[in-house]
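Read the structure below first, then the notes.
The values are calculated or read from the model by the stated rules, or taken from the named source; none is laboratory data. Predicted, not measured: the structure shown is a model, and the values here were computed from it. Note that each Cβ is placed from the backbone with ideal geometry, even for glycine, and that neighbours are counted across all protein chains shown. Side chains are part of the model used for accessible areas, which takes the heavy atoms of the whole protein and leaves out ligands, DNA and RNA. Shrake-Rupley method; radii C 1.70, N 1.55, O 1.52, S 1.80 Å.
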Amino acid sequence: MSSIEYTLRERLKELTCMYEVTSIIVNSDFEKLELTLKSIAFCLKKALQHEHEAEVFISCSEITIVIGQPLRDYVHLKAPIKVFNESNGYIEVRYPSSSYTENDFLEEEIKLLSNVCLEIGNLIERKQIKEKEEQIRKKMEWNDRLNILGEITAGIAHELNTPLTSIIGFTELLDEQIKDEIIQSDLSKIKENALFCREIVKKLMFFACEVPQQIKEILLNPVLENVLNLLSPAFKKKDVRASLIIQDANIGIKADEIQLTQVLFNIIMNALYYSPAKATIEVRASKGEKGIVILIADQGPGIDQTISDKIYEPFYTTKPVGDGSGLGLSVVHGIMSSHKGSISFYPNSPHGTVFELCFPN
């Protein structure tokens with residue numbers, strides 16, 4: 001074969017490769033990036049002049065693709081993959097060093113490798129733009145749902161509050177007048193369920209922002225102690241221990257005391273609900289660069305990663321029917337946002353969950 005024919009053949013392979021790579025990228029599924037990169041690697045390998053001895057190595061977006069026989073000793077040609085002008089990986093084309101040197105790579109192959117990297121970078125940029133747009137769309141839909149839900153829940157809360165108060169009042173009145181133990185037991189169940197419903201109404205009112213805030217400087221330690229004292233019967237009943245560790249008893253915090261109590265009560269009650277007997281729930285408070293941080297750590301089963309993005313959704317709960325309304329953490333999230341603070345969680349060691357509440361200084 002003449003040198004002209006050889007050059008034309010290699011040029012045709014390179015043009016074919018770029019055409020195939022472009023087609024793969026145009027028809028690619030953003031969700032199947034690994035499959036796309038693998039297909040591109042196959043095309044690139046076929047375009048090399050010594051394809052049968054070549055190895056193509058792609059490292060991109062935490063994905064690694066190797067096409068060809070893995071080589072231990074090799075010479076290579078390397079080009080970076082950039083996404084929004086930042087490094088996101090690279091492609092290496094390798095030949096065995098026992099048979100080839102770096103001079104065996106053609107100038108056209110260097111250009112081809114750069115063009116393929118450019119196409120991959122453009123693909124990932126489009127993927128990230130689409131993901132960002134999807135996040136924004138979901139956030140807007142979520143905010144719209146919350147606004148509508150806020151209006152609905154405000155109306156429901158007001159309508160339910162009056163009859164529930166009447167049910168509880170008349171139940172207590174009957175309980176005083178009737179001495180039959182069976183009837184008293186039934187009345188007690190009615191009262192318990194009515195009180196449970198009233199707690200849901202209170203949470204709905206918090207969720208709908210119907211309760212005006214009274215933010216002022218208060219001491220954090222008495223609030224923490226008060227919540228733990230209120231819950232001490234529940235701790236004893238479950239045989240769970242509470243541990244309060246505060247950096248400074250004089251830490252002050254700008255907050256609505258009632259809503260702060262609501263936040264702490266909800267999270268500690270959740271921790272208590274999922275804690276096994278003999279466990280310890282640790283409450284830590286400190287002041288630092290992040291602001292005022294309250295950590296509530298339990299030793300329960302932890303939060304499954306598959307539901308981690310749902311736990312702040314209104315009415316979402318993993319508790320059995322009657323044990324929870326699914327409003328506790330959504331109320332907490334709303335209160336923290338209104339205080340310009342943040343709430344997050346992460347696994348406890350060796351098991352359980354740690355909730356982190358951050359309030360600005």
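The number of residues in segment 42-70 that are among the acidic types (Asp, Glu) and without any contact (Cβ under 8 Å) to a residue 12 or more places away in the chain comes to 2.
Given the criterion modelled with pLDDT of 90 or more, open to solvent by 50 Å² or more (accessible area, probe 1.4 Å) and not in a strand (DSSP E or B), identify the matching residue among Asn143, Asn122, Asn193, Asn161. Going through Asn143, Asn122, Asn193, Asn161 in turn, the sole match is Asn122. Just the residues that are open to solvent by less than 70 Å² (accessible area, probe 1.4 Å) and either assigned to a strand (DSSP E or B) or in contact with a helix residue (DSSP H, G or I) (Cβ under 7 Å, 6 or more places away or on another chain) (or both), please, taken from segment 86-98. Result: Asn88, Gly89, Tyr90, Ile91, Glu92, Val93, Arg94, Tyr95, Pro96. Residues that are under 19 Å from Glu109 (Cα atoms), of a type outside the set (Phe, Trp, Tyr), open to solvent by 40 Å² or more (accessible area, probe 1.4 Å) and touching a Phe, Trp or Tyr at 6+ places or on another chain (Cβ under 8 Å) do occur in segment 53-62. In segment 346-361, the qualifying residues are those that are out of contact with any Pro (no Cβ under 9 Å at 6 or more places or on another chain) and open to solvent by 50 Å² or more (accessible area, probe 1.4 Å), and the one that is farthest from Ala271 (Cα to Cα) is Asn361. Of everything in segment 222-242 that is open to solvent by 20 Å² or more (accessible area, probe 1.4 Å) and touching a strand residue (DSSP E or B) at 6+ places or on another chain (Cβ under 6 Å), the residue that is farthest from Asp298 (Cα to Cα) is Leu228. If you check Lys78, Lys38, Lys45, Lys82 for being within 14 Å of Ile124 (Cα to Cα), at pLDDT 90 or above and among the basic types (Lys, Arg), only one passes: Lys82. The condition (being modelled with pLDDT under 85 and either in contact with a strand residue (DSSP E or B) (Cβ under 6 Å, 6 or more places away or on another chain) or not β-branched (Val, Ile, Thr) (or both)) is satisfied by just one residue among Pro314, Pro276: Pro314.
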